[in-house]
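Step one of this worksheet: look at the structure below.
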Amino acid sequence: MKKKKFTLREMLLIALFTALIAVGAWIKIPLPPVPITLQIFFVILAGLLLGMRGGFLSSLLYMVIGLVGIPIFTSGGGIASVLSPAFGYILGFPLGAALAGFLAERFEKPAFWKYLLAGGAGTLLIYIVGVSYYGVLKTVYLHESVSAYTLFVSLFLVFLPGDILKNLVAAFVAKRMSSILPKIMKW
């Protein structure tokens, strides 16, 4: 099975979404232990518009650029970022974008509610990875106990209303762009 190569336009869109995710990191409301940002909005939108491969690569590229030391994470950049409480979410970005993209690619006829469900599934996967990573970081690395209830409330429920709003907007934008994007891809 031959893998499809990316066109120049697709590579430019992947790079654009990588930049948007980085910008989303700096639009934040600082909360301990993890700030509220616009990153999830751009990660999910990348998956919905670029599909599984494009969404995955744009988020993966964001993570790699930050890990090599370019300060594009909310906490800066570099390999030490893996010890940041927010890094679990960053690990989840490529997976969440890929899941949202995988589901969106399956739509015969794009609809707002389908994009909303795909984005919600991707966001949920990001939460699962982020909350799990933080729990492991606290217990294994920092040797501090943390209850599942504390993790659920402080790393899921606090962010849920904002991320529902971000998914609503992402679904709306994806629905509007679904008819335009194929034309852009063919210039």
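Before moving on, here are some points about what is shown:
- Residues satisfying the stated conditions in the stretch 130-179, i.e. closer than 17 Å to Tyr89 by Cα, touching a Phe, Trp or Tyr at 6+ places or on another chain (Cβ under 7 Å) and basic (Lys, Arg): Lys166
- Filtering the stretch 67-84 to residues that are in contact (Cβ under 8 Å) with a residue 40 or more places away in the chain, surrounded by 18 or more Cβ atoms within 10 Å (Cβ to Cβ) and not aromatic (Phe, Trp, Tyr) leaves Ile72, Thr74.
- Residue list for the stretch 85-117, restricted to those being in contact (Cβ under 8 Å) with a residue 60 or more places away in the chain and within 19 Å of Phe172 (Cβ to Cβ): Ala104, Pro110, Ala111, Phe112, Tyr115
- Pairs are defined by a Cβ separation below 9 Å, a sequence spacing of at least 6 or placement on different chains, a first member in the stretch 131-144 that is closer than 14 Å to Phe87 by Cα, and a second member that is surrounded by fewer than 19 Cβ atoms within 10 Å (Cβ to Cβ) and aromatic (Phe, Trp, Tyr); the pairs so defined are Val131/Phe152; Val131/Phe156.
- Residue, modelled with the highest pLDDT, within the stretch 148-173, restricted to residues that are of a type in the set (S, T, N, Q) and over 15 Å from the mean Cα position of the chain (by Cα): Thr150
- Any chance Ser178 is over 21 Å from Ser58 (Cα atoms) and not hydrophobic (A, V, I, L, M, F, W, C): no
The values are calculated or read from the model by the stated rules, or taken from the named source; none is laboratory data. Predicted, not measured: the structure shown is a model, and the values here were computed from it. Positions of Cβ are backbone-derived with ideal geometry, glycine not excepted, and every protein chain shown enters the neighbour counts.
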